[in-house]
1. How far apart, in nm, are two points set 7 Å out from the Cα along the Cα-to-Cβ line at residue 128 and at residue 212?
2. Going by average Cβ neighbours within 10 Å, how do the peptides 152-165, 10-23, 105-118 rank, with the highest at the top?
3. Could you work out the relative contact order of the chain, using alpha carbon pairs under 8 angstrom and six or more residues apart, expressed as a whole percent?
4. How much length is gained if the chain between residue 164 and residue 15 is pulled fully straight, taking 0.36 nm per residue apart and subtracting their Cα-Cα distance, in nm to one decimal?
5. Relative contact order for segment 155-214 using alpha-carbon pairs under 8 Å, separation at least 6, rounded to a whole percent?
6. What share of the DSSP beta bridges in the chain is antiparallel, in percent to the nearest 5?
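No lab work stands behind these numbers, since they all come straight from the coordinates. Bear in mind that the values here come from a model prediction, so they are computed numbers and not experimental data. Backbone-built Cβ (ideal geometry, glycine too); neighbour counts: all protein chains shown.
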């Protein structure tokens, strides 16, 4: 089943970042996007995840064109079906790690998975205030918060930037297992080509074009 389809996307800030970009994401599929800094990877991810409108082209999620959706429908899809993991954590700083997860669980009407917290190595410190956690622990809490709501599409931007190589590999394994178990899909933006090539497909943004390299 197709989860996301992008056709002929283009976007310009002070200069043209990319044009004619198309890709499709299917159930249980992972896609990585690589490229040099400034090539437009994060901008493309923001367009695919509905955070930014493209200058040209279309994005359909679950066969629905996002530009034609009502605000209510788009808000519902963003809340219930899309999971965004950024390099910045965007956690509620006055809350504990657990309270951050409880907000996600309450909004999505899902349960917090203690086994996931153990695998992410945050089960012990989860009741500490966010400001008392290390950068890597905060990153893993933000990942747990996203997975708690059980989204159908994961949009992941440099998710392991604050993690050591061993923990980063473990986190990516959790993502891959998640999409397989839940018939979900993932689009990953990363500078780490070793990480990228673990995905089913790899695309490179180069000279304003998206080129498939795997």
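1. It is 4.5 nm.
2. The densest-packed peptide leads the list: 152-165, 10-23, 105-118.
3. 31 percent
4. On the way: separation 149, 0.36 × 149 = 53.64 nm, distance 3.50 nm.
That works out to 50.1 nm of additional length.
5. On the way: 43 pairs, mean separation 17.7, N = 60.
So the answer I get is 30 percent.
6. If I count the DSSP bridges inside the chain, around 50 percent turn out antiparallel.
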